[in-house]
Amino acid sequence: MHPILLPTPEVADALAGKRPVVALESTVISHGMPYPRNLETARALEAEVRAAGAIPATIAVMDGRIRIGLDDEALERLATGGHAVRKLSRRDLPVAIATRALGATTVAATMIGARLAGISVFATGGIGGVHRGAESSFDISADLDELARTSVCVVCAGAKSILDLPKTLEVLETRGVPVLGFGTHEFPAFYSRRSGLPVDHRCDNVTAVADILRAKWHLGLDGGVLLANPIPPADELDADAMEAAVAQALADAEAKEIKGKDITPHLLAALERITGGRSLTANVALIRNNARVAAGVAAALATP
């Protein structure tokens, strides 16, 4: 185990015994939802992973180490830390570790921690991507480059609907990242099951996903795989209504000149307000669904 990592005894034992482990990000706790819903969701995600036969490993930076798995006290620190919790991507990790800052990991930073620990499967809500208007702002999430370089399977409900989905898929294609649809030929649009955009390949079970992961990495093709898992039908929100809400949230962010890493938390909070809380309920449902699927993929990978 890398000396900068600090796994819980449970996670360390599972990794040593080559049992299935699923990485979980921590920005969903600190920057994605209000308290106490964030803490409730963090606990629910870990419970979903356990119920599906794997060990959860929520990742964060605390006291100069990358924590691989968090106890309840650590989850509480992240959930109640407010602005004291830094949002960490790849570029932020060295500073946060050196200064012993309290930090929550984004998709990119969680992938780095997972790979250092030897965890191959990671569940999140939606990845970052190409922001709308990126042709002038150049605002493109570091998640996309991380997927190109770090060998972890990321299970998500597509990219966040606040993004430019066609451009996000174009960048993933250019970077050589396979985009698989779990039970779908179509890339999901986070709150909606359909976007009108195709995936590279459809997988109807976790064994098929595991076979592709093994083939990719056995070929020496470093980098991640994106497994796009649509939100459950019962939790799906109307696509047209959400597009209108996103447009309203983007206009609000532009008027307030909110940019960079602050824009996604702002937009998610604005969507929750505009939709009367429906977007948050859908967000919780889709990430719990992703945690279940990720546990199944991890178990299939651990099967000889």
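The values are calculated or read from the model by the stated rules, or taken from the named source; none is laboratory data. Please read all numbers here as calculations on a predicted model, not as lab measurements. Neighbour counts run over all protein chains shown; Cβ positions are idealised from the backbone, glycine included. Ligands, DNA and RNA are excluded from the accessible area calculation, which covers all protein heavy atoms including side chains. Shrake-Rupley method; radii C 1.70, N 1.55, O 1.52, S 1.80 Å.
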- Message: What number does the range 244-304 give for Rg over Rh if you use C-alpha atoms and the Kirkwood radius?
- Response: 1.22
- Query: For the chain, what is the mean residue ellipticity at 222 nm derived from helices alone (per DSSP H run of n ≥ 4: -39500 (n - 2.57); sum divided by total residues; nearest 500 deg cm²/dmol)?
  - Reply: -14000 deg cm²/dmol
- Rg/Rg_globular for the range 1-106, with Rg_globular taken as 2.2 N^0.38 Å and Rg from C-alpha atoms: 1.02
- Heavy-atom accessible area per residue, the chain, 1.4 Å probe: how many Å²? 42 Å²
- Query: For Gly133, what is the net charge nearby, where nearby means another residue's Cβ is under 13 Å from its Cβ and Lys, Arg count +1, Asp, Glu -1?
  - Reply: -1
- Of the heavy-atom accessible surface of the range 198-304 (probe 1.4 angstrom), what whole percent is carbon and sulfur? 53 percent
- Output the relative contact order of the chain, whole-number percent, from Cα pairs under 8 angstrom with separation of 6+ residues. 20 percent
- Which value, in Å to one decimal place, does the Kirkwood hydrodynamic radius take for the range 75-191 when every pair of different Cα atoms is included? 15.2 Å
- Take every Cα pair under 8 Å in the range 221-304 that's 6+ residues apart, average their separations, divide by the length, and report that relative contact order as a whole percent. 38 percent
- By accessible area of protein heavy atoms, probe 1.4 Å, what ranking do Leu250, Leu144 get, highest first? Leu250, Leu144
- Message: For a Förster distance of 25 Å, can you work out the FRET efficiency between the beta-carbons of Ala244 and Glu170, rounded to the nearest 0.05?
- Response: 0.50
- According to a simple spin-label model (label point 7 Å from Cα along Cα-to-Cβ), what is the distance in nm between Arg43 and Ala148? 4.2 nm
- Potential extension, Arg50-Arg202 segment - 0.36 nm per residue separation minus Cα distance: 52.1 nm
- Approximate shape of the range 175-304 as ellipsoid semi-axes (Cα gyration tensor, √5λ), whole Å, largest first: 32, 17, 13
- With r defined as the distance between the Cβ atoms of Met1 and His218 and R0 fixed at 22 Å, what FRET efficiency is calculated, to the nearest 0.05? 0.40
- Projected area averaged over orientations for the chain, convex hull of C-alpha atoms, nm²: 14.3 nm²
- Mean projection area, nm², convex hull over Cα of the range 61-123: 4.1 nm²
- Message: Which GluC sites (Glu not before Pro) in the range 207-304 sit in a loop by DSSP (not H, G, I, E or B) and have at most 15 other Cβ atoms within 10 Å of their own Cβ?
- Response: Glu257
- Task: Mind putting a number on the dipole of the chain about its Cα centre? Charges go on the C-beta only, +1 for Lys and Arg and -1 for Asp and Glu, and I need it in Debye to the nearest 20.
- Result: 600 debye
- Note on the structure: Rounded to two decimals, the Rg over Rh value of the range 1-61 from Cα coordinates and the Kirkwood Rh reads 1.01
- Query: Label Ser137 and Arg91 with points 7 Å out from Cα along Cα→Cβ: what is the distance between them in nm?
  - Reply: 1.5 nm
- Task: Can you tell me the relative contact order of the range 184-241? Whole percent, Cα pairs under 8 Å, sequence separation 6 or more.
- Result: 46 percent
